[in-house]
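Here's the structure, in structure tokens; my notes come after.
The values are calculated or read from the model by the stated rules, or taken from the named source; none is laboratory data. On a predicted model such as this, the values are computed, not experimentally measured, just so you know. FYI the Cβ positions are ideal-geometry reconstructions off the backbone, even for glycines, and counts take in every protein chain you see.
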Amino acid sequence: MHRSLSHRWADSVTKHWWLILIVWVVVAVSLRMVAPRWNDVAYDGDFEYLPPTMSSVAGGRLLDRAFPGERARSEVVLVMGRRDQPLIKSDEIVGLDLLRRLYHRLGEVSWQRAVQYGYTGGMPSEDDPAAVWIQLAEEAFGKSIDADKKFYELIADSVPDDAPTLTQPRMAISYWDRGKLLELIGGSEEAVGKDFEAALILMPDLPTVAVAIGDRDLVGWKPMLDILSWDDRVLGSRLRKESARLVVLHLSSELAATGNIATVEAIETLIGNVLRYSRGYTDPGLELLMTGSAAIGGETLMAARDAIRYTEWITVVMILVILALVYRAPLLVAIPMVSIGFAVLVSTSLVALLTGLSIDRVIPRLDMRIFTTSRIFVVVILFGAGTDYCLFLISRLREEASKAPWPVACRNALSGVMGALFGSAMTTVVGLGMLWIASFGKFHYTGPIIAICLLVGLLVCTTLTPSLLRAIGPVAFWPSRVTTETPKNLSLFGDPRGEASSGGIWSLIALWLTRRPMTTLIVGLVVLMIPAVYGFKHEDAVTYDYSSQLNHSANSRQGLRLLSESFDIGEINPVTVLIVNKEDTPRKEFEKQIRAIAKDLYSLDGVLAVRTADDPLGDFPPDRDMGLLTSAAWKRRALRNHQVAKRHFFSSLPELENRLARFDIVVDGDPFSIETAKRVSGLGKSLQALSKQPDSVIKDSHILLAGTTPSIIDLRSVTLKDNRRIKIAVVIAVFLVLVLVIRRLGLCVYLIATVLISYYATLGLTLVFFKIAYGNDFVGLDWKLPLFLFVILVAVGQDYNVYLVTRIVEEQRKLGWLAALRRAVSRTGGIITACGLVMAATFFSMTASAWFPAVVNALGFQTSTSGTSLRGIVELGFALGLGVLIDTFYVRTILVPSFVAAIGKRGNT
């Protein structure tokens, strides 16, 4: 920032400090009143923000169009089993209790969904979209009642004496709801009467406690589309083994949708009710666990929510402690905290308001989105950077106050640091803003959002903070006094409240660096290059496995292990292949084509089963012999006529009815693993090649893949491309800002080089640390870590370099290069170190979910969180904190001063 502009800005702020205080209070209160809550407008999920041209996105949209309202985007799998031993007869009691409750929930949800489609009563016509859901509701209530009858037969001799409820010991509410539904659609009076009579016998006061279906709170259950269970006479064979039984809940929500938190919590509550009531009827050792993509996604979001809570509170505590140790003055602790509090409140309210206006399309061309996990970056960066800006200002004020009256000192201090603050902030703002060029939506939106919040933080720290200092006066330093005496610099960090003495540690460091600059520079670079080379070689050691983000205590991971003992994991999460012919094909010919395609698919590597309308469970591969009158033949015919086969594989949309062929393919391996991704990629390539063969049944057909694994493949493809483009853009943008602020081309090139080496060294050390920490459980760092680490370190890592170099340039106006360097290092050493500790502490607070609950529990307290840590946030917090420490104590302390000293001897600073 130009010096004259800095002077005018500082002069205006210190003259009109009272007006600035009033304006900030009004702005904060107004925004808080009109802005929506962050979580009310926050988005989540990953796959929803892939480019629309990706196969998984296009395939998902085709499924939405072909099967409106029925597309399952994720699932929850409930596993009932025993480890290393078969189930026993009495375990059926627990299973039936689970089924009767689940089917009733499905009936409620289906009925409410029909109402959303406009259903008011009577028997809907076949083309009415509500018809499917009314039919499903009736069937679900019927299945709940059937399971309830079997359940009661098994416990009839040992029913507790407790007063009956809607669901215990019998599902009285299921009879009541079915009676109400039959009454609404015009069922026979006899059937309606029997259901009402049964409900009243089971619970006489039911009419007074039952809530109308439209008024029931089904939060968490609303995404449920259907249930497949081991109890199904036709489809159940694939969901039961000797040691385990499965129930699959198909959901309309994406696996990482925010609403899955409520779904996971609702299912956990239902499982808890089942186990409390029924587990006593069977032997110990039976487990009932939840897994599946939606369960993994929901628990991941719950862990992220807890991480945000821990991070916010521990960040505040850490900064309070550091400020107290640095200043030992209560008002100098309070002023930065008040300033940053205003910055967080105003910036988060502002972006939430803009996002709400964008969603409602109030402002043309405004396109903004915020995400649940974006808040954690906003908080840590604002607290870290904001505290640093305040420390820079207060440190300079201490210097100026010893030479001039307080109003003049405030003006001179603000004027003196404005250039450094502006340069430091702009490197971060521009660097993060470069995420805007990303194709992946979460990157595209998150970077600019953080940049906007940081600009607000800069504005607060250059207006509100100096205004508070101006208003409070020298008493801000109480119990210390502002004097013209130079304070002694005895601590390791120096004294950030004043300038260092000639005998301080930073003066000794400056003297040592200027005596042997080349030796220091070469040795320093060599030492840092060792971990940097390792990080450079293993930069792609990342994982896209969502389940590996959760620790072993997570319910969904325990459920996945229980499931994998009896079932192939791919069975619950198949890959959907959509093949669309150019023209309509006669139905019989079309079905013949489907059988031929299925035969070709079985020949591909890793394909375990191909599910089609002809073979809904994939039980009958082409090489399986089957006689006309065998039980297998009868089963296959029953499967073809099942409701799932009719609704699931053929679209009722006229333009796709005899053109769209849908296949659900079970691929060998974990849907989240890189090995499975390679198999699915090979599957897609083989189908594309087959469509180009002149004699192929799918010649010139349009082929799309959808599902969890194809989505992960597309996510990896998009983010890898984004990483390359963003890294180049960030380096160029930050370099240009450095040139603008420092105006030393060679020095700017060197500063960029040091921060790149610092990034790779940090990445290498982080890899080594978590390989040791996780042991055999390490599958790679979170896929988002390298990009966010790069962008934040390159941007934030320049803050301290800018502050040091601008001070060197300022001192050179009065002194020679050697004296200027020594004085700048001596004057800034303590304050930059304190700032580095603050920033590192805020980043390390992101790791709190991994250790804070254990500490709290060890002290005898209980936490109200899930207890599951999110490895991605823990890894990123550790890496960012480590990177800032390397920049603070190594790059800024050794590499930058030694380089300036070396080139200074040659007269080229």
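Odds and ends about this structure:
- Residue within segment 261-280 that is in a helix (DSSP H, G or I), touching a Ser or Thr at 6+ places or on another chain (Cβ under 6 Å) and crowded, with 24+ Cβ neighbours inside 10 Å present: no
- Every pair of residues 6+ apart whose Cβ atoms lie under 7 Å, when the first sits in segment 558-576 and is outside any loop (DSSP other than H, G, I, E, B) while the second is among the hydroxyl-bearing types (Ser, Thr, Tyr): GLY559/THR291; LEU560/THR291; LEU560/SER547; LEU563/THR291; VAL575/THR709
- Pairs where the first residue, in segment 700-725, is within 18 Å of GLN688 (Cα to Cα) and the second is assigned to a loop (DSSP other than H, G, I, E, B), C-beta under 6 Å, 6+ apart: ASP700/LYS582; SER701/ASN581; THR709/PRO671; ASP714/LEU50; ASP714/MET54
- Output for segment 121-133, where each listed residue is over 40 Å from the mean Cα position of the chain (by Cα) and either modelled with pLDDT of 90 or more or within 19 Å of GLU183 (Cβ to Cβ) (or both): GLY121, GLY122, MET123, PRO124
- Considered as a group, the residues in segment 399-456 that are surrounded by fewer than 23 Cβ atoms within 10 Å (Cβ to Cβ) and polar (S, T, N, Q) include one that is nearest to ASP44 (Cα to Cα), and that residue is SER439.
- Considering the conditions (1) small (Gly, Ala, Ser); (2) closer than 19 Å to ALA244 by Cα; (3) not assigned by TED's automatic domain parsing to the domain that holds MET171, ALA304 is excluded by exactly one of them, (2).
- In segment 556-586, the residues that are within 11 Å of VAL79 (Cα to Cα), buried (at least 21 other Cβ atoms within 10 Å of the Cβ) and small (Gly, Ala, Ser): SER556, GLY559
- Scanning segment 104-148 for residues that are in contact with a helix residue (DSSP H, G or I) (Cβ under 6 Å, 6 or more places away or on another chain) and not in a helix (DSSP H, G or I), we see that the one that is surrounded by the fewest Cβ atoms within 10 Å (Cβ to Cβ) is GLY121.
- Failed item, numbered, when THR762 is tested on (1) buried (at least 22 other Cβ atoms within 10 Å of the Cβ); (2) outside any helix (DSSP H, G or I); (3) not charged (D, E, K, R): (2)
- Qualifying residue in segment 203-225 (condition: surrounded by 21 or more Cβ atoms within 10 Å (Cβ to Cβ), on the phi > 0 side of the Ramachandran plot, out of contact with any Gly (no Cβ under 7 Å at 6 or more places or on another chain) and not assigned by TED's automatic domain parsing to the domain that holds GLU875): yes
- Taken over segment 709-725, the criterion of being in contact with a helix residue (DSSP H, G or I) (Cβ under 8 Å, 6 or more places away or on another chain), among the polar types (S, T, N, Q) and surrounded by fewer than 23 Cβ atoms within 10 Å (Cβ to Cβ) is satisfied by ASN723 alone.
- Evaluation of MET302 against (1) touching a residue at least 40 places away in the same chain (Cβ under 8 Å); (2) assigned to a helix (DSSP H, G or I); (3) closer than 18 Å to ILE227 by Cβ (one fails), failing number: (3)
- Checked against the criterion of being within 16 Å of VAL741 (Cα to Cα), in the same structural domain as ASP11 (by TED's automatic domain parsing) and β-branched (Val, Ile, Thr), the candidates VAL456, VAL430 yield just one match: VAL430.
- Count of segment 31-80 residues which are at pLDDT 85 or above, of a type in the set (Ser, Thr, Tyr) and outside any helix (DSSP H, G or I): 2
- Any hit, segment 108-124, residues being over 21 Å from ASP195 (Cβ atoms) and of a type in the set (Asp, Glu): no
- Taking segment 64-96 as the range and being of a type in the set (A, V, I, L, M) and either buried (at least 22 other Cβ atoms within 10 Å of the Cβ) or closer than 30 Å to LYS150 by Cα (or both) as the test, the residues that pass are ALA72, VAL76, VAL77, LEU78, VAL79, MET80, LEU87, ILE88, ILE93, VAL94, LEU96.
- Residue in segment 156-170 that is small (Gly, Ala, Ser) and surrounded by 20 or more Cβ atoms within 10 Å (Cβ to Cβ) present: no
- Whichever residue in segment 17-63 is without any contact (Cβ under 8 Å) to a residue 12 or more places away in the chain and over 24 Å from ILE359 (Cα atoms) and, among such residues, is surrounded by the fewest Cβ atoms within 10 Å (Cβ to Cβ): VAL26
Residues are listed down the side, and each one gets a yes or a no for (1) within 26 Å of SER415 (Cβ to Cβ); (2) in the same structural domain as PHE477 (by TED's automatic domain parsing); (3) over 28 Å from the mean Cα position of the chain (by Cα); (4) surrounded by fewer than 24 Cβ atoms within 10 Å (Cβ to Cβ):
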{"residue": "ILE322", "(1), (2), (3), (4)": "no, yes, yes, yes"}
{"residue": "LEU325", "(1), (2), (3), (4)": "no, yes, yes, yes"}
{"residue": "ARG328", "(1), (2), (3), (4)": "no, yes, yes, yes"}
{"residue": "VAL333", "(1), (2), (3), (4)": "yes, yes, yes, yes"}
{"residue": "VAL344", "(1), (2), (3), (4)": "no, yes, no, yes"}
{"residue": "ARG365", "(1), (2), (3), (4)": "no, yes, no, yes"}
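- Checked against the criterion of being among the basic types (Lys, Arg), over 27 Å from GLY836 (Cβ atoms) and touching a strand residue (DSSP E or B) at 6+ places or on another chain (Cβ under 7 Å), the candidates ARG411, ARG369, ARG361 yield just one match: ARG369.
- Any hit, segment 394-408, residues being under 30 Å from ALA307 (Cα atoms), in a helix (DSSP H, G or I) and assigned by TED's automatic domain parsing to the domain that holds VAL338: no
- Which listed residue, of GLU126, GLU153, is of a type outside the set (A, V, I, L, M) and closer than 25 Å to ARG276 by Cβ: GLU153
- Any hit, segment 764-777, residues being touching a strand residue (DSSP E or B) at 6+ places or on another chain (Cβ under 9 Å) and either over 13 Å from HIS538 (Cα atoms) or modelled with pLDDT under 90 (or both): yes
- If you check SER252, SER229, SER237 for being within 23 Å of LEU136 (Cα to Cα), touching a Leu at 6+ places or on another chain (Cβ under 9 Å) and surrounded by fewer than 15 Cβ atoms within 10 Å (Cβ to Cβ), only one passes: SER237.
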